[in-house]
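Notes follow once the structure below has been shown.
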């Protein structure tokens, strides 16, 4: 048996300010990324950036040896992705360690 209902969205006002709701949403996303799963959300992109760096580095070296032309844009892409990948991996390990230490402290307090 179907029961008819009436829903009117235009009469009610939002319960939260859109800016406050957005900031709360971003804080939740950052908490999940940085506190709960840093190895997944920072380590995997860091490793993939290092793979991209190796690819562009090998392309740059191959281009140089075959044509004696050194491509600065490809070298900069390789270097930038390498540095960003290393930073992301280091940050993910540090955040993972901090999260584990906090979990151990919480266990000891109970």
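Every number here is computed from the coordinates shown, using simple stated rules; none is lab data. This one's a predicted model, so the numbers in the text were calculated from it and none came from an experiment. Here Cβ is always computed from backbone atoms with ideal geometry, including for glycine, and neighbour counts include all displayed protein chains.
A compact table of results
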| quantity | calculated |
| --- | --- |
| Residue 25 being on the phi < 0 side of the Ramachandran plot, within 24 Å of the chain's Cα centre (by Cα) and in contact (Cβ under 8 Å) with a residue 40 or more places away in the chain | no |
| Helices (runs of 4 or more DSSP H) wholly inside the chain containing at least 1 residues that are surrounded by 10 or more Cβ atoms within 10 Å (Cβ to Cβ) and touching a strand residue (DSSP E or B) at 6+ places or on another chain (Cβ under 7 Å) | none |
